[in-house]
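The values are calculated or read from the model by the stated rules, or taken from the named source; none is laboratory data. Since the model is a prediction, treat every value here as computed from it, not as a measurement. Please note: Cβ atoms are built from the backbone with ideal geometry, for glycine as well, and neighbour counts cover all protein chains shown. Side chains are part of the model used for accessible areas, which takes the heavy atoms of the whole protein and leaves out ligands, DNA and RNA. Shrake-Rupley method; radii C 1.70, N 1.55, O 1.52, S 1.80 Å.
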Amino acid sequence: MSSQIIYVTKSSMPPYDEYIQMIKPLWDSHRLTNNGEYHQKLEKELAHYLNVDHLCLMTNGHMALELALQAMNLKGEVITTPFTFISTTHAIVRNGLTPVFCDINRDNYTIDTDQIEQLITERTVAIVPVHVYGHVCDVDKIESLGKKYNLKVIYDAAHAFGVTYKGKGITQYGDASILSFHATKVFNTVEGGAVIYHSEEMGRVLYGLKNFGIRNELTIDSVGANAKMDELRAIMGICNLKHIEEERAKRKSVFNIYKDKLRDVEGIELMTEQKNVEHNYAYFPILINEKQYGRTRDELHEYLKEKDVFTRRYFYPLINETECYRSYFNSQSTPVAKYVADRILCIPMYSDLGEQDISRICSYIKDFQTNG
Ligand SMILES: *Cc1c(COP(=O)(O)O)cnc(C)c1O
């Protein structure tokens, strides 16, 4: 067995020559950013791939969420979950909105829709659910709650690129969805992201907000940021998108090998696959039940590190336990999220992960078990 270092992820990159060929014209045009040719091309290609009408590219997924919320001009409370990447909560707070944490489902770690209603007050203006690890939230229930209480629904779909539910693209749901094209995501533009939205008006506002609120040469009509994607990264996206089906297929086979090898390890809980969902195999989280496995998540994390296998406690700590939020919130109010955050471990997952490496990782996990 090899003993090379295995990292938790490895960014997908197009063939070198393909990228170099495509960026060559930039040395003639000198047009590097500000809604350039390739920016427009990538927006069209992504809208087509995701089967959505409106998509606005952004410099990253975080700014996509921050500006999507700003575009809706909301004031008050936003219901979300603490079991997500810190960006979700930061985007809410940086808009002057108050996050209200709802607990998650035990089986797929998305927002527990049975608990949303009891958190709604007269100050509630929106719900920001997260399609965690590419798992689909209960979009039908969320849609009906949104309608009933007149709340905006903005999905953090950073993990859910290309996921479909009942044959429909997952980003078609809600008032808006945001995607991240960060280097570690299933589809990447190095750094990048997008807002998927459903009205011309929202598009007009978003395009202003990502370019300083500049409407035209003399008109600045909103307090915008700078969240534009440049041409080099747009081209990276165009190249990566050409290989996306192969990327997904390879991830699926990694996923299936893992599943076969880890299925019967006592105390290791795998993701439950969802009905009617075409998954993107973005992550491979395992939940370590210390009573059955005989070791804690942190012990396994350390043991694997000693063996040169780098895993990630994703998401841990829980957001309502981080330094910047723990004095305002109590993780006891979201016990399921707390339970999961204390036991979850994302093991290496990327399209190029070879069968030998997967076997090596799985053997370590089995060997370290003390019960059974
Ligand atoms: C990656 C991620 C983001 C932020 O995206 P960036 O492109 O890194 O800014 C937001 N939410 C979730 C759930 C993420 O995983």
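The loop-placed GluC sites (Glu not before Pro) in the stretch 257-302, going by DSSP, that have at most 16 neighbouring Cβ atoms within 10 Å of their Cβ come out as 266, 273. Of 26, 102, 83, which is farthest on the positive side of the dipole of the stretch 18-151, counting Cα position, with +1 on Lys and Arg Cβ, -1 on Asp and Glu Cβ, and the Cα centre as origin? Towards the positive end, the residue furthest out is 26.
Taking the square roots of 5 times each eigenvalue of the Cα gyration tensor of the stretch 23-168, largest first, gives ellipsoid semi-axes of 32, 18, 13 Å.
Its Cα gyration tensor gives the stretch 87-142 an equivalent ellipsoid, and the semi-axes of that ellipsoid, as √(5λ) in whole Å with the largest first, are 19, 15, 9.
Highest mean packing first, where packing is the average number of other Cβ atoms within 10 Å per residue, the peptides 175-187, 204-216, 141-153 line up as 175-187, 204-216, 141-153.
With viscosity 1.002 mPa s and temperature 20 °C, the Kirkwood radius over alpha carbon pairs of the stretch 10-72 converts through Stokes-Einstein to a diffusion coefficient of 153 µm²/s. Computed over neighbours whose Cβ is under 12 Å from that of residue 124, the net charge equals +1, Lys and Arg +1, Asp and Glu -1.
Amide H contacts under 5 Å for residue 153: 127, 175, 176, restricted to partners 5 or more places along the chain or on a different chain, H placed in the peptide plane at 1.01 Å from N. The alpha carbons of the stretch 152-208 give a radius of gyration and a Dmax of 11.8, 34 Å, in that order.
Stokes-Einstein diffusion for the stretch 97-221 at 25 °C, viscosity 0.890 mPa s, with a Kirkwood radius from C-alpha pairs, works out to 154 µm²/s. The Cβ shell under 9 Å around residue 82 holds other residues with a net charge of -1, Lys and Arg each +1, Asp and Glu each -1.
Just so you know, the Cα atoms of the chain work out to an Rg and Dmax of 21.1, 72 Å. Between the listed residues 255, 265, 239, the Cα displaced farthest toward the positive end of the dipole of the stretch 223-293, a dipole computed from Cβ unit charges relative to the Cα centre, is found at 239. Need one number: % antiparallel among DSSP beta bridges in the chain, to the nearest 5. Antiparallel bridges: around 60 percent, rounded to the nearest 5. Within the accessible area of the chain, the carbon and sulfur atoms contribute 48%, probe 1.4 Å, all protein chains present. Charged neighbours of residue 291, selected by a Cβ distance under 14 Å, balance to -2 (K, R count +1; D, E count -1). Checked against a 20 Å cut-off, the cross-linked pairs 41/210; 10/275; 10/210; 185/252; 185/366; 44/141 give Cα-Cα distances beyond that limit for 10/275; 10/210; 185/366; 44/141.
Stokes-Einstein, applied to the Kirkwood radius of the stretch 240-346 over Cα pairs at a viscosity of 1.002 mPa s and 20 °C, places its translational diffusion at 135 µm² s⁻¹.
Put a plus charge on the Cβ of each Lys and Arg, a minus charge on the Cβ of each Asp and Glu, and nothing anywhere else: the dipole of the stretch 191-274 about its Cα centre is then about 160 debye. Over the chain, accessible surface divided per residue gives 45 Å², non-protein components excluded, 1.4 Å probe.
Geometric descriptor of the stretch 180-269, per residue, is 152 Å³ (volume of the convex hull of the Cα atoms).
Let me test this: with uniform point scatterers at the alpha carbons of the stretch 145-303, what is the Debye-based log₁₀ I(q)/I(0) at q = 0.17, 0.20 1/Å? Debye output, listed in q order: -1.14, -1.31.
Taking a straight Cα-Cα cut-off under 23 Å and skipping sequence neighbours fewer than 8 places away in the same chain, the lysines within cross-link reach of residue 147 are 75, 166, 168.
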